[in-house]
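The next block holds one structure in the form of structure tokens; read it before the comments.
The values are calculated or read from the model by the stated rules, or taken from the named source; none is laboratory data. Please read these numbers as outputs of a predicted model, since none were measured by experiment. Positions of Cβ are backbone-derived with ideal geometry, glycine not excepted, and every protein chain shown enters the neighbour counts. Protein only, heavy atoms only, side chains kept; ligands, DNA and RNA dropped before computing areas. Shrake-Rupley method; radii C 1.70, N 1.55, O 1.52, S 1.80 Å.
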Amino acid sequence: MAGNSFGSLFRFTTWGESHGPAIGVVIDGCPSRIPLTEADIQPFLDKRKPGQSSLTTQRQEADTVKILSGTFEGLTTGTPISLMIENTDQRSKDYSEIKDKFRPGHADYTYQAKYGIRDYRGGGRASARETACRVAAGAVARKILGDGITVRGAIVQIGEHIVDRSEWNWGEVDRNPVFSPNAKAAVFWQNYLEEIRKGGQSVGAVVEVHASGVPAGWGEPVYDKLDSELARALMSINAVKGVEIGSGFAAAALMGSMNADEMRKGKDGKPVFLSNHAGGILGGISTGQDIVARFALKPTSSILTPRQTIDVNGENTEIVTKGRHDPCVGLRAVPVGEAMMACVLADAMLRQKAYQ
């Protein structure tokens, strides 16, 4: 099964299934002598783990990470770093009734079509459980980037309800279970999602991720552009159906005079941009501004509402997905998006060092 690795110089490979004994990630390309312990990784996994509110799946996983290789006396050695997270709360019986049916919106049918076999327990390899491995890799990437670069994300839309940016507060994001940068939106979204959950339905979301402190000059031209690498990284996250950088699709409605980010000479002699429609990237190379990306996630496909489908024999049937699921997968996608942004930037940083 190809397609389980991401990155060039900073490269990671994830492994494991949703209902297997464990999941994990092997990271290659991390420089030596970087301080790294489980305590550096665990806070990010805690931010993503399930069961933290009634608005996410009630699967109870501690998501405790173990470093199996690649460090010695608290420092990276330059060799592959292997991280493992045990699965402790699988309920495979929840899927026994639908093991011969294809769930609409899931990868059941496509995995069967490709491999002739599939792990029906929670989606197996296609499960969002895999994203915990990405978050662990992202924690290592942040150690490489250092304290001068900040990567943070927030939810800016749930369903058709969009956040009011005039009251944006990054400090608010970690104070509510819906990762909202707006306190009023947080209250509204929580009530809204409770109604969605009680109705056995689901909704989608849009997550926005910012990286501050990235110097100008990172990224490669043409095919390895920083924005194309970032778009690929975010698009690979489960349930993501769209990615945009900077103004994104909204740029199509702007005049050229409005969209171009004008520049002036700053007090320190460095350029100052008067806007950031480009999202901090021009020609595939960072400008020194904040890098801004958004990604849209579809509604959770596992819902209690009966839907039409077919079984493995091609016969028409209906399906109701039981078990423990998120009414909005976007809630746990924020730390995943942050992690993928960090991994892309760590790779770009190491590539840039090759020029120096």
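Listed by position, the strands (runs of 3 or more DSSP E) inside the stretch 260-342 whose residues that are under 24 Å from ALA139 (Cα atoms) number at least 3 are 291-297. Total residues in the stretch 146-190 satisfying the condition of being surrounded by 17 or more Cβ atoms within 10 Å (Cβ to Cβ) and among the hydrophobic types (A, V, I, L, M, F, W, C): the figure is 13. The residues listed here are GLY51, GLY7, GLY16, GLY24; of these, the one that is more than 14 Å from GLU130 (Cβ to Cβ), modelled with pLDDT of 90 or more, of a type outside the set (A, V, I, L, M, F, W, C) and open to solvent by less than 60 Å² (accessible area, probe 1.4 Å) is GLY7. If you go through the stretch 237-260 and keep only what is surrounded by 12 or more Cβ atoms within 10 Å (Cβ to Cβ) and under 17 Å from ASP227 (Cβ atoms), you end up with ILE237, VAL240, GLY242, VAL243, GLU244, ILE245, GLY246, SER247, GLY248, ALA251, ASN259, ALA260.
Take the stretch 261-277 and flag every residue that is touching a Leu at 6+ places or on another chain (Cβ under 9 Å) and loosely packed, with under 14 Cβ neighbours inside 10 Å. Steps first, please.
Our first condition is that a residue be touching a Leu at 6+ places or on another chain (Cβ under 9 Å); within the stretch 261-277, this holds for 261-264, 277.
Those that are touching a Leu at 6+ places or on another chain (Cβ under 9 Å) and loosely packed, with under 14 Cβ neighbours inside 10 Å: GLU262, MET263, ARG264.
For the stretch 136-170, the candidate set comprises residues that are free of Cβ contacts under 8 Å to residues at least 40 places away in the same chain and polar (S, T, N, Q); within that set, the residue that is nearest to VAL187 (Cα to Cα) is ASN169.
Suppose the filter is under 26 Å from the mean Cα position of the chain (by Cα) and among the hydrophobic types (A, V, I, L, M, F, W, C); does LEU331 pass it?
Working: under 26 Å from the mean Cα position of the chain (by Cα): yes; among the hydrophobic types (A, V, I, L, M, F, W, C): yes.
Here the answer is yes, as LEU331 does meet what is asked.
Kindly evaluate VAL156 against the criterion of being in a strand (DSSP E or B) and either on the phi < 0 side of the Ramachandran plot or hydrophobic (A, V, I, L, M, F, W, C) (or both). Show your work before the answer.
Details: in a strand (DSSP E or B): yes; either on the phi < 0 side of the Ramachandran plot or hydrophobic (A, V, I, L, M, F, W, C) (or both): yes.
Taking the combined requirement at face value, the residue satisfies it.
Does ARG142 satisfy the criteria of being open to solvent by 30 Å² or more (accessible area, probe 1.4 Å) and either at pLDDT 95 or above or under 22 Å from GLY246 (Cβ atoms) (or both)? Yes; evaluated as a whole, the condition is true for this residue. Looking at the stretch 297-310, is at least one residue touching a Phe, Trp or Tyr at 6+ places or on another chain (Cβ under 9 Å), touching a residue at least 60 places away in the same chain (Cβ under 8 Å) and open to solvent by 40 Å² or more (accessible area, probe 1.4 Å)? Within the stretch 297-310, one or more residues are touching a Phe, Trp or Tyr at 6+ places or on another chain (Cβ under 9 Å), touching a residue at least 60 places away in the same chain (Cβ under 8 Å) and open to solvent by 40 Å² or more (accessible area, probe 1.4 Å). The single condition among (1) more than 30 Å from THR13 (Cβ to Cβ); (2) modelled with pLDDT under 95; (3) over 23 Å from the mean Cα position of the chain (by Cα) that PHE273 does not satisfy is (2).
Check GLY116, GLY78 and return the single one that is modelled with pLDDT of 95 or more, surrounded by fewer than 18 Cβ atoms within 10 Å (Cβ to Cβ) and of a type outside the set (S, T, N, Q).
Working: GLY116 fails: modelled with pLDDT of 95 or more.
Result: GLY78 is the single residue among GLY116, GLY78 that is modelled with pLDDT of 95 or more, surrounded by fewer than 18 Cβ atoms within 10 Å (Cβ to Cβ) and of a type outside the set (S, T, N, Q).
Of all residues in the stretch 278-295, those satisfying the criterion of being within 20 Å of the chain's Cα centre (by Cα), more than 19 Å from GLY256 (Cβ to Cβ) and open to solvent by less than 20 Å² (accessible area, probe 1.4 Å) are GLY280, ILE291, VAL292, ALA293, PHE295.
Filter the stretch 175-200 for residues that are touching a residue at least 40 places away in the same chain (Cβ under 8 Å) and out of contact with any Leu (no Cβ under 8 Å at 6 or more places or on another chain) and give the result.
Within the stretch 175-200, the first condition is being touching a residue at least 40 places away in the same chain (Cβ under 8 Å), and the residues that meet it are 177-179, 190, 193-194, 196-197, 200.
Matches in the stretch 175-200: ILE196 only.
Quick check on the stretch 177-184. Is at least one of its residues in a helix (DSSP H, G or I) and more than 28 Å from ILE85 (Cβ to Cβ)? If you could, list the steps in order and put the result at the bottom.
Within the stretch 177-184, the subset in a helix (DSSP H, G or I) is 183-184.
Those still in the list that are more than 28 Å from ILE85 (Cβ to Cβ) too: 183-184.
Yes, some residue in the stretch 177-184 is in a helix (DSSP H, G or I) and more than 28 Å from ILE85 (Cβ to Cβ).
Let's see how each residue does on (1) outside any loop (DSSP other than H, G, I, E, B); (2) modelled with pLDDT under 95; (3) within 20 Å of the chain's Cα centre (by Cα):
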{"site": "VAL207", "(1), (2), (3)": "yes, no, yes"}
{"site": "HIS210", "(1), (2), (3)": "yes, no, yes"}
{"site": "VAL214", "(1), (2), (3)": "no, no, yes"}
{"site": "GLY219", "(1), (2), (3)": "no, no, no"}
{"site": "GLU229", "(1), (2), (3)": "yes, no, yes"}
{"site": "LEU234", "(1), (2), (3)": "yes, no, yes"}
{"site": "ILE237", "(1), (2), (3)": "no, no, yes"}
{"site": "LYS241", "(1), (2), (3)": "yes, no, yes"}
{"site": "ALA250", "(1), (2), (3)": "yes, no, no"}
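Residue pairs whose Cβ atoms lie under 6 Å apart, separated by 6 or more positions or on different chains, with the first residue in the stretch 107-135 and within 17 Å of ASN238 (Cα to Cα) and of a type in the set (S, T, N, Q) and the second buried (at least 24 other Cβ atoms within 10 Å of the Cβ) and at pLDDT 90 or above, are THR131/VAL336. The set of residues in the stretch 327-356 being open to solvent by 20 Å² or more (accessible area, probe 1.4 Å), charged (D, E, K, R) and within 30 Å of ASN176 (Cβ to Cβ) consists of ARG332 alone.
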